[in-house]
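The values are calculated or read from the model by the stated rules, or taken from the named source; none is laboratory data. For clarity, every value in this text was computed on a predicted model and none was experimentally measured. Cβ coordinates were reconstructed from backbone atoms using ideal geometry, including for glycine residues, and neighbour counts include every protein chain displayed.
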Amino acid sequence: MEPESFSNEPGLGVVAQIADQTIRVGNAELLGTRLVNLPLNPEGRTMVYVSAGDRAIGIVAVADEIKADSAQAVEELHNLGLRTMLLTGDNEKSARSIATMAGISDIRANVRPAGKADAIRELQARQLRVAMVGDGINDAPALAQAELGIAIGSGSDVAKEAGGIVLVGSSLHGVSASIRLSRATMRTIRQNLFLAFIYNVLAIPLAALGLLNPLIAALAMALSDVTVIGNALRLRRSRID
């Protein structure tokens, strides 16, 4: 049946007018007192409730399943010296169940879309640099707020627009790979700056004092360029899988 009207309540659910009845589909907060005597938080499940008018008429229990390689991907991030946190709009029990399977100890559950960006700001206020990984429309504000936003390639277009890095696939292994490649790139940039600086520090005083033949100076400049380019090309051999 086509709804006569429809509205999305961020972090709560949806409301539609169908055949002169108000249909609500969402969490317990959206349905409020209509949920008397109904189960609210079964272990490891997110409950989606349905009501027609003032009467609850259905319950859908949803369970997240993590990808087979997610726990290994989280472990890789820990091996890189990074702390991980799970931000989710799911209830506490569901969030803890998923976090346990993924190997994440720090969780924040029942977080509304705007609350994710607020959580990022809170961490930044403690002088922490934050990378946010997400794939949904609700993740976009947090992806934009974080120092580094990493969007999953299979996610929404809004999330990909907000992310600074967009992973090609849907595997979390790409997160650690992108961080390793970024670190290798910054390390190479610093090395190249140092090499170029050393060449100039040694050669310019000698040339100014007339102790350096112009041909040798030209050769040294060319050698400096070759050294920097060659060092940069080493990134092609960086192991990021």
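Residue pairs whose Cβ atoms lie under 9 Å apart, sitting 6 or more positions apart in sequence or on different chains, and linking a residue in region 160-185 that is under 23 Å from Ala71 (Cβ atoms) to a partner that is of a type in the set (Lys, Arg) and assigned to a loop (DSSP other than H, G, I, E, B), are Ser170/Lys67; Ser171/Lys67; Leu172/Lys67; Arg180/Arg239.
Could you give me the residue pairs with C-beta distances under 8 Å whose first residue belongs to region 187-203 and is free of Cβ contacts under 8 Å to residues at least 24 places away in the same chain and assigned by TED's automatic domain parsing to the domain that holds Ser224, whose second residue is surrounded by 12 or more Cβ atoms within 10 Å (Cβ to Cβ) and not in a helix (DSSP H, G or I) wherever it lies, and which are 6+ apart or on separate chains? These pairs meet every condition: Ala203/Leu212.
Would region 99-110 turn up any residue that is under 20 Å from Val48 (Cβ atoms) and in contact (Cβ under 8 Å) with a residue 40 or more places away in the chain? Looking through region 99-110, none of the residues is under 20 Å from Val48 (Cβ atoms) and in contact (Cβ under 8 Å) with a residue 40 or more places away in the chain. Within region 203-222, being loosely packed, with under 12 Cβ neighbours inside 10 Å, in a helix (DSSP H, G or I) and in contact with a helix residue (DSSP H, G or I) (Cβ under 9 Å, 6 or more places away or on another chain) holds for one residue alone: Pro214. Once region 161-178 is narrowed to residues that are in a loop (DSSP other than H, G, I, E, B) and in contact with a helix residue (DSSP H, G or I) (Cβ under 6 Å, 6 or more places away or on another chain), the residue that is surrounded by the most Cβ atoms within 10 Å (Cβ to Cβ) is Gly163. Against the condition out of contact with any Lys or Arg (no Cβ under 8 Å at 6 or more places or on another chain) and under 30 Å from Arg183 (Cα atoms), how does Ile57 come out, does it pass? It is false that Ile57 is out of contact with any Lys or Arg (no Cβ under 8 Å at 6 or more places or on another chain) and under 30 Å from Arg183 (Cα atoms).
In the condition set (1) modelled with pLDDT of 85 or more; (2) assigned to a helix (DSSP H, G or I); (3) surrounded by 12 or more Cβ atoms within 10 Å (Cβ to Cβ), Val158 is compliant with all but (1).
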